[in-house]
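A quick write-up on the structure given underneath.
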Amino acid sequence: MPFMRRRPLLRAAVVGGGAYMAGKRTAQRRADQQDQDAAQDQRIDDLEQQDTAPAPAVPAQAPPSMADQLSQLADLHNQGVLSESEFAAAKTKLLNG
């Protein structure tokens with residue numbers, strides 16, 4: 001009757017092996033999910049650091065020279081946008097400061 005004794009042991013081995021494999025798969029899925037969560041957290045942290053980084057300084061442009069401003073006023077006067085009196089007033093204001 002040794003055959004009768006083996007069957008319960010074989011059944012226990014099969015059930016135990018199946019449970020072991022299921023547990024192993026579940027543990028692997030949890031580890032994969034934790035890795036994905038950690039990677040996502042890292043990407044979010046990187047984006048937040050980019051948002052708080054100071055913007056690069058834009059060099060200030062030099063104001064237009066007096067000659068350029070006078071040229072623009074003359075062009076506006078020649079185009080008829082400024083009347084003679086408006087042109088004279090703007091030129092005087094520009095030259096006096």
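Some observations on this one:
- With respect to the conditions (1) modelled with pLDDT of 85 or more; (2) outside the structural domain of Ala90 (by TED's automatic domain parsing), Leu70 lacks only one, and its number is (2).
- Single residue of Leu73, Leu94, Leu47 found to be in contact (Cβ under 8 Å) with a residue 24 or more places away in the chain and assigned to a helix (DSSP H, G or I): Leu94
The values are calculated or read from the model by the stated rules, or taken from the named source; none is laboratory data. The structure displayed is predicted, hence computed values, not measured ones. FYI the Cβ positions are ideal-geometry reconstructions off the backbone, even for glycines, and counts take in every protein chain you see.
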